[in-house]
1. When both residues are 6+ apart or on different chains and their Cβ atoms are under 6 Å apart, which pairs have a first residue that lies in region 161-182 and is closer than 30 Å to His31 by Cα, and a second that is of a type in the set (Val, Ile, Thr) and buried (at least 18 other Cβ atoms within 10 Å of the Cβ)?
2. What single numbered condition from (1) at pLDDT below 85; (2) assigned to a strand (DSSP E or B) fails to hold for Ala279?
3. Here is a check on your reading of the model: is Phe207 farther than 23 Å from Pro225 by Cβ, aromatic (Phe, Trp, Tyr) and assigned to a helix (DSSP H, G or I)?
4. Among the candidates Ile219, Ile185, Ile162, Ile170, which residue alone is closer than 25 Å to Phe101 by Cβ and buried (at least 17 other Cβ atoms within 10 Å of the Cβ)?
5. Confirm whether Val312 is among the β-branched types (Val, Ile, Thr) and modelled with pLDDT of 80 or more.
6. Ile150 - would you say it is within 29 Å of the chain's Cα centre (by Cα) and buried (at least 18 other Cβ atoms within 10 Å of the Cβ)?
7. Being aromatic (Phe, Trp, Tyr) and modelled with pLDDT of 85 or more is the requirement here; does Phe133 meet it?
8. If we keep just the residues of region 329-353 that are of a type in the set (Gly, Ala, Ser) and surrounded by 14 or more Cβ atoms within 10 Å (Cβ to Cβ), which is nearest to Leu367 (Cα to Cα)?
Amino acid sequence: MGIFDKIKEKLSHEFIDIIEWLDYTDDTICHRFERYQNEIKNNAKLIVREGQTAVFLNEGQLADVFGPGTYTLNTKNLPILTTLKGWKYGFDSPFKAEVYFVNTHLFTDEKWGTKNPITLNDERFGLVEIRAFGTYAFKISDPGKFIIDIVGTDNNFTNYEINEHLKSLIATRFTDTVGEANLPIELYAANTTELSDTCREVMKPEFQTVGISLEKFYIENVSMPEDLKKEIFEYSRIDKLDLDKLTKFKTAKAIEAAAQNEGGTAGAGMGMGMGFVLAQQMGGMMQPQMQQQQAMPQQQAVGGPPPVPQAVQYYYAVDGNQRGPVGFEQLRSLFAGRTVNKDTLVWKAGMQSWQPLQEVEELKAFLGGNTPPPLPNS
């Protein structure tokens, strides 16, 4: 033993220890108090500040835990350590023990996120992928368990070291939670508050098993591919808007786009085709009014109000499934929007069997194939 070691040992036996720790960082969770040969003398002073807990370990075994306050270390306030050491009549000589100071304040604004996309099975859109990220806050609720299970012999444990473990835990539990929720895909982005609360309740027991309390958990954003976003927005609009009005609106927009297209004949042909479809739609809307005007003189001659016309309802088949019923104008809109075509099977009351649309007399007007007879003397 060198001369300096002898001096240091002599001083350690002559002065009463003061055991304390001042944290000058924002990220240290646990700090081991370093002292000469880990020796603590009888009547040493222990100072534990607010937001701290002091944990004593004896040969790797949890001995005592002290909350905020000032303590004189002796057999009276070291009951567990006294039992471990077997001191029956007090002690005067130094004893060896490791002292860990644990930060118990709230660690906030910790980041989390899904490293890989989460695959969900949506009833309308099939298999889709989403990502999520946000923040969480935690604090140490059981310092003794935290040191034994997580810290080990690390003399300066930071939140960066525990964050990697916690983020993996969060990503796993988040995936399980959203998978079991079975929500429509568009609701994940619209209900982040409710989903955050649910995830927090699911994750809290996992955190508590290692002495950590999950205080807050926030989902800041749920993202998905752009093409899926557009499809969801389109679906929501169709669900809210009248299908007939939507088809007419799209037809008008297509005509406008074709008119601005510089593609020459192809653009002109498209414009003429869409214009013809729009003309058919307008003609179909005006036809019932013209028929009503033609029938008015006869009704006036007979006297009394005219009978209320019964609207014809049509059923149609798409991908082997029966759809409908829809009215004449709705079916015309479906034809213009290419949901149905000339070969689509349709049926109405009075028909013995399903027939292609092009063979139903009143629906032939959809095809635009009627041509006038040649002029006389031509």
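The values are calculated or read from the model by the stated rules, or taken from the named source; none is laboratory data. The structure displayed is predicted, hence computed values, not measured ones. Every residue, glycine among them, receives a Cβ derived from its backbone with ideal geometry; neighbour counts consider all protein chains shown.
1. Close Cβ pairs satisfying both conditions: Ala171/Thr114.
2. (2)
3. yes
4. Values: Ile219 fails: closer than 25 Å to Phe101 by Cβ; Ile185 fails: closer than 25 Å to Phe101 by Cβ; Ile170 fails: closer than 25 Å to Phe101 by Cβ.
Sole residue among the options that is closer than 25 Å to Phe101 by Cβ and buried (at least 17 other Cβ atoms within 10 Å of the Cβ): Ile162.
5. Working: among the β-branched types (Val, Ile, Thr): yes; modelled with pLDDT of 80 or more: yes.
Spelling it out, Val312 is indeed among the β-branched types (Val, Ile, Thr) and modelled with pLDDT of 80 or more.
6. So Ile150 fails the test.
7. Answer is yes for this residue.
8. First pass over region 329-353, keeping only residues of a type in the set (Gly, Ala, Ser): 333, 336-337, 349-350, 353.
Then drop every residue that is not surrounded by 14 or more Cβ atoms within 10 Å (Cβ to Cβ), which leaves 333, 336-337.
Values: Ser333: 13, Ala336: 10, Gly337: 13 Å.
Among those that are of a type in the set (Gly, Ala, Ser) and surrounded by 14 or more Cβ atoms within 10 Å (Cβ to Cβ), it is Ala336.
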